[in-house]
Each structure stands twice: as structure tokens, then as C-alpha cells.
Amino acid sequence: MVRKLFLLCILIFFSNVAFSQNDNDTVYLSVSKVESMPHYKNGVEGLFKFIQGSLIYPQSAKNDSIQGKVLISCKVDTLGNTINHIIEKGVRLDVDSEALRVAKLVKFEKPAELQGKPVEVEYLIPVTFKLCNIK
């Protein structure tokens, strides 16, 4: 954790880093300035609904009453695809694997742009597992 914070401080010091967070708890960061971040159909709320609607809560995690938030970092390429997924903060292997599966399904309608051209950016997707959300 300390190492990640140190690296983040270095990134902030040596580059332009923009952070954003909204009420739906989707956080993204871009290591370069962009005019617009990737856009998901129906915005961030649409992305949040897609993630929650696509999750299949692992039965083993239900049995053990496991809850938590998995943080997945990825890149959004110039076509809006998410690539290079990495689990930055996990909960447990079964839950982490499901979060990673769903994060790999995310495709943005519009990629980030800089000077009117699509650019690749880094994106951080939190995937929350709550037992009260299970139907």
C-alpha cells in the first residue's frame, strides 16, 4: 500500500494526473490531460447498473458471508474497449475472479479524447459485493 501511494505521488509530481469520483463510486484516473473521459451508454450510472446487473455472486462467498469492494484497474483503448485488467485491491479469489470477469465485459460507447482524437486512458473500476443486493 505504501509503495502504491509512493508511486502515485511520483505520478502526480511528474505528470498531469486528473482524478474523478461520482456518487456511483466509479473512480477513474488519467495520466495525461484529456478533453473528455470515456463515455458509457447512459453515463456512469449506466456503467454502474451494467456492472451490478452482470455480477454473479459466487456461491462460496455467499456461504461464507463475504462482502467487499474489488478495485480493477484497466486501460480504455481508442475504440472504447477495456484492456490490461489488473486487480489492485481484492477481497478473496472467488470474488476477485468474478469482478475481473465483469470488468472485462465493459465496453465504452465513446473513448477518451484529446484534441478531438481518441486516446487511451487508465480507468479504475470498483466492483462492490453486498449480500443485501442479492435477489
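The number of residues in the range 93-110 being surrounded by fewer than 17 Cβ atoms within 10 Å (Cβ to Cβ) and more than 18 Å from Ser60 (Cα to Cα) comes to 5.
Of all the criteria given as (1) touching a helix residue (DSSP H, G or I) at 6+ places or on another chain (Cβ under 8 Å); (2) under 15 Å from Met37 (Cβ atoms); (3) in a loop (DSSP other than H, G, I, E, B), the one not satisfied by Thr78 is (1).
Among the conditions (1) assigned to a loop (DSSP other than H, G, I, E, B); (2) farther than 18 Å from Lys41 by Cβ, the only one that His85 does not satisfy is (1).
Quick check: anything in the range 111-128 aliphatic (A, V, I, L, M), surrounded by fewer than 20 Cβ atoms within 10 Å (Cβ to Cβ) and assigned to a helix (DSSP H, G or I)? There is no residue in the range 111-128 that is aliphatic (A, V, I, L, M), surrounded by fewer than 20 Cβ atoms within 10 Å (Cβ to Cβ) and assigned to a helix (DSSP H, G or I). Based on this model, can you work out whether Asn63 counts as of a type in the set (S, T, N, Q) and under 19 Å from Cys132 (Cα atoms)? In short, yes. Close contacts from the range 44-65, counting a first residue that is under 16 Å from Leu100 (Cα atoms) and in contact (Cβ under 8 Å) with a residue 60 or more places away in the chain and a second that is charged (D, E, K, R) and surrounded by fewer than 18 Cβ atoms within 10 Å (Cβ to Cβ), with Cβ to Cβ under 6 Å and a gap of 6+ residues or different chains, come to Ala61/Asp94.
When each of Gly80, Gly116, Gly90 is tested for being touching an Asp or Glu at 6+ places or on another chain (Cβ under 9 Å) and closer than 26 Å to Tyr57 by Cα, the lone residue that passes is Gly90. Taken as a whole, the structure places Leu105 among residues that are touching a helix residue (DSSP H, G or I) at 6+ places or on another chain (Cβ under 7 Å), among the hydrophobic types (A, V, I, L, M, F, W, C) and at pLDDT 50 or above.
Contact map, the range 96-124: first residue touching a residue at least 12 places away in the same chain (Cβ under 8 Å) and over 15 Å from Met37 (Cβ atoms), second residue among the aliphatic types (A, V, I, L, M) and surrounded by fewer than 17 Cβ atoms within 10 Å (Cβ to Cβ), Cβ cut-off under 7 Å, separation 6 or more or different chains; pairs are Glu98/Ile56.
The values are calculated or read from the model by the stated rules, or taken from the named source; none is laboratory data. Just so it is clear, the model here is predicted, and its values are computed rather than measured. Ideal geometry is used to build each Cβ from the backbone, glycine not excepted, and the neighbour counts take in all protein chains shown.
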